[in-house]
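Report on one structure; see the data block that follows.
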Amino acid sequence: MLVREPVAGGVTTVTDGFVAPNPPLVATSAPFAARRNGVLHLDPYVAAMSTLLIYRLSDAFSGLWQELASASGLELSEASAPAELATHRGLVLVAAGGEEVAALEAVRAAGETASSLVVVGASADHRLSAALIRAGAREYFALPQDIDLLRAWVKAEAGDPEVKERRVGFARDQGHRYAMREIVGGNKDLQEALGMAERVIAHPQVTILITGETGTGKELVARAIHYHGPRREAAFVDINCAAIPENLLESELFGHERGAFTGATTAKPGLFEVANGGTVFLDEIGHLALSLQGKILRALEERTIRRVGGQRTIKIDVRVVAATHVDLAKAVREGTFRADLFHRLNVIPLALPPLRQRRDDVLPLAKHFLTRLARDYGRSVPSLTSEAEQVLLANPWPGNVRELRNALERALLLSPGDDITAHDLAFLSRSAQEPGHSSGPLAFPGPLNVLVRSAATEMITICGGNKSEAARRLGISRPRLLRLTSPGSTPSDAFGEDDD
């Protein structure tokens, strides 16, 4: 999209390309635009979302198209061939005006990749309308009788200007909150992962797989990718694949039609539909059931989904970012994860190292968190005594960066003085001595009841705190799981009969 903006010296510069974020760009008032050396660059993906593309097959109602675009705050553009319709990410209107058969061929040529394609014609034949929709059109409007419906549809698809302004403002705020620069650390492996993430931010279709232990910042990186990329104005939808029971997860992801199962009294869109135009974050995808892995693969490959109990194929336009602490290559060898899905997800792999491999980052992270927490709680920023620094450096941090932040928040709120002392962090040494506390893998060899308790605690973490799901995966009852993870658990709890 061509953008004109006055620059220094009164010169107007015209350009039509997106520029990667290196070297640094100077922000402008235009959403999703940046200026370097006096040249304004606008992301073509976002520009397309703000454009109404017309493919004319006749000159009928030719004065209407600019009116529709202007009323909805859209730019008007014109296609010269059906192939252009398939690659456009915004609204597409095929103006048939008596050439409905040619319009049907154009829709078929565009295929199911066109984002929001409608046909406007002169015939009110319901059979023609059905044929166009089966071929891939979203709607068919017969003019002049459907003129008000067409205006309403274009306006609804374009979005209310005030709503769009609020959405842009929200995206800007989230961009400040989730910035790559907020991910503190000079570790070589971490910087390599962040550098790779920055290079793919500008490409909205690329699938990304983030791996790392719990608490290493996988969701933070996923949100930074979304809120600094061309999809930032649309939704970021996250779902923990381990926290939702298998029999409910398919409906959550893909939606369901009315009557699809007992209790489905109304149709419900799935999270892929909700995120259309934005990003779907599939957390803990390593625990996704095999029965659903094929459906996720189809959604990635074909960019289409089908609701539970539905027959209609629904087009989707999302970036998928997946995350897991599971070794997926090993899971493929063991037959618990599909090889084709792994390779489809692993287009851009980002591996985040655990905090125990980033010892030099512990104190910079601690000072960063204390500064932010003190600001959030209206406190003066405390200092760390040298003894407190040694406590932080000696801790194994099995919960990684998340555990470090939570520990500092606790110390900040409970410290009676202006500094954080070793005494304020004494709870760290106590928790490290508790049975079941380990730095990564289970501490083997060890007492069997401690190993069982550790495994049960880790499964609860994997399931996002969902104890019922953790018990189901362990093959035990929920009351027994609670006994296993209680501080007073005994060997009989670990190895007794599950009679609950």
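Where a number appears in this text, it was derived from the coordinates with a stated rule and is not lab data. Worth saying up front: this structure is predicted, and the values here are computed from it rather than measured. A quick note on method: Cβ atoms are made from the backbone with ideal geometry, for glycine too, and the neighbour counts reach across all protein chains shown.
Laid out as a table, the results:
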| item | result |
| --- | --- |
| Cα-only Debye scattering, the stretch 356-433: base-10 log of I(q)/I(0) at q = 0.12, 0.21, 0.24, 0.25 Å⁻¹ | -0.28, -0.90, -1.20, -1.31 |
| Where labels lie 7 Å past Cα in the beta-carbon direction, separation of residue 58 and residue 418 in nm | 8.2 nm |
| Extended-chain gain in nm, criterion 0.36 nm per residue less alpha-carbon gap, residue 126 and residue 409 | 95.5 nm |
| Sorted by Cβ neighbour density within 10 Å, fewest at the top, the residues 218, 268, 188 | 188, 268, 218 |
| Dipole magnitude (debye, nearest 20) for the stretch 135-283, charges at Cβ of Lys, Arg, Asp, Glu | 420 debye |
| In Hz, Karplus ³J(HN,Hα) per residue of the stretch 400-417 (6.51, -1.76, 1.60; θ = phi - 60°; x = Gly, Pro) | 6, 5, 4, 5, 4, 4, 5, 5, 5, 4, 4, 5, 4, 6, 9, 5, x, x |
| Cα pair distances exceeding 18 angstrom across the stretch 50-158, given as percent | 39 percent |
| Gain in span if fully extended, residue 332 to residue 151, counting 0.36 nm per residue against the direct Cα distance | 60.1 nm |
| For 203, 226, order by how many other beta-carbon atoms lie within 10 Å, fewest first | 203, 226 |
| Virtual spin-label span in nm between residue 102 and residue 427, 7 Å along Cα→Cβ | 7.4 nm |
| Proximal lysines relative to residue 315, as straight alpha-carbon distance under 26 Å, when same-chain residues fewer than 8 apart are discounted | 155, 164, 268, 295 |
| Average projected area [Cα convex hull, the stretch 172-233], square nanometres | 4.2 nm² |
| Cβ-based exposure ranking for 371, 211, in which fewest neighbours within 10 Å come first | 371, 211 |
| Dipole-positive endmost among 197, 308, 221 within the stretch 168-351 (Cβ charges, Cα centre) | 308 |
| Residue among 388, 374, 399 farthest towards the positive dipole end of the stretch 356-433, charges placed on Cβ | 399 |
